[in-house]
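Data first, discussion second: the structure below is written as structure tokens.
Read-outs throughout are calculated quantities, based only on the coordinates presented, and are distinct from any laboratory measurement. Keep in mind that what you see is a predicted model, and the values were worked out from it rather than measured. Please note: Cβ atoms are built from the backbone with ideal geometry, for glycine as well, and neighbour counts cover all protein chains shown.
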Amino acid sequence: MNKFIIGIDVGATNTKIGLIKAWSYKVIYRTVFGTRNYIRRKNILIKTLTSKIESLLQENHLFKNQILAIGLGLPGPIDCHKGIVHFLPNIPGWKEVPIKRILEQRLKIPVFVDNDVNLITLAEWRLGAGSGIRNLLCITLGTGVGGGLILDNKLYRGAHFLAGEIGHMPINETGPLCNCGGFACLERYVGNKYILSAAGKIFKKNNLTLEKLSLLSEKGNNQAIKIWQDVGRRIGVALSGAVNLLNLERIIIGGGVSLAGKPLWLAIRKTVQQRAMPNQARQVKIVRSKLGLDAGILGAAVLTRERF
Ligand SMILES: [Zn+2]
């Protein structure tokens, strides 16, 4: 009998649900809904998830015993062994929620939970830009800057499942305060809204988007090119530290900002070559992520498979 995995990727903006063939990782059904309506409405979000899963089963004429498990990614610190969400920085209202237990009780299907960026990292490592690589860092550039690590062929979670937060690596001794309580964190310079606010000051406009900024730089606008070079240099500085510390073979970069084009990518690569130690710098390849919007749900499926 064919077995399937349900992959769920809860993001601050959208929640994606996919039905995935368990052995081929083929995504055969997708559905998306907006998450913003569920801020401070945790119970309603959980209820929506269960009803979407029930209707996914119905629409695809599946019985629960055909589902190997549900893999669930959420954007925040999570105890992946107990399946408890500590909190979600961008979806207020979640605190120490035993989501694994709640969903398993309601759905009678095994549930595995992890941080969303860990799942993207698993997916890129098994199925995407990191295939066959034993030591890699995957970073996602968006509103937040996340990171996941594969070290010695295994997802590295750290002592309390909190490793990989490259977005909160300080890149200066002093600097602007970050949401996390620290200051001069990488995210504070290269998170979407900080790029846009820096660009807004230069262009004296407040309706800029990252896409417009990329278009401007593609057309040769020097100010836009400089903004992307500054972003790339800062990312490169943080990555140089990671490369020296971990002797990575590959760095995979995804998320909206990674689509910015040449000036960004040149600056990232050049900075790592200049700032990381020569041997480590020579051995690391910096590439774009491959799986795009499916990475989260595919990672949820990879997580499930690794647990069985
Ligand atoms: Zn921070």
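Tabulated data for the structure shown
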read-out: Loop-located chymotrypsin sites (Phe, Trp or Tyr not before Pro) in region 1-83, at most 13 other Cβ atoms within 10 Å (DSSP); value: Trp23, Phe63
read-out: Rounded to 5, percent antiparallel among DSSP beta bridges of the chain; value: 60 percent
read-out: Eligible lysines near Lys262 by straight Cα distance, threshold 19 Å, same-chain separation 8 or greater; value: Lys212, Lys219, Lys226, Lys270, Lys285, Lys290
read-out: Dipole of the chain, positive end: most advanced residue of Trp125, Phe33, Ala159 [Cβ charges, Cα centre]; value: Phe33
read-out: Distant-in-sequence amide H partners of Phe183 (H built 1.01 Å from N, under 5 Å); value: Cys178
read-out: Cα-based helix-to-principal-axis angle, 192-203 vs the chain, degrees rounded to 10; value: 30 degrees
read-out: Nearest-20 debye value, the chain charge dipole, Cβ charges on Lys, Arg, Asp, Glu; value: 420 debye
read-out: Other-chain or far-sequence residues with amide H under 5 Å of Met169's (modelled H); value: Leu186, Glu187
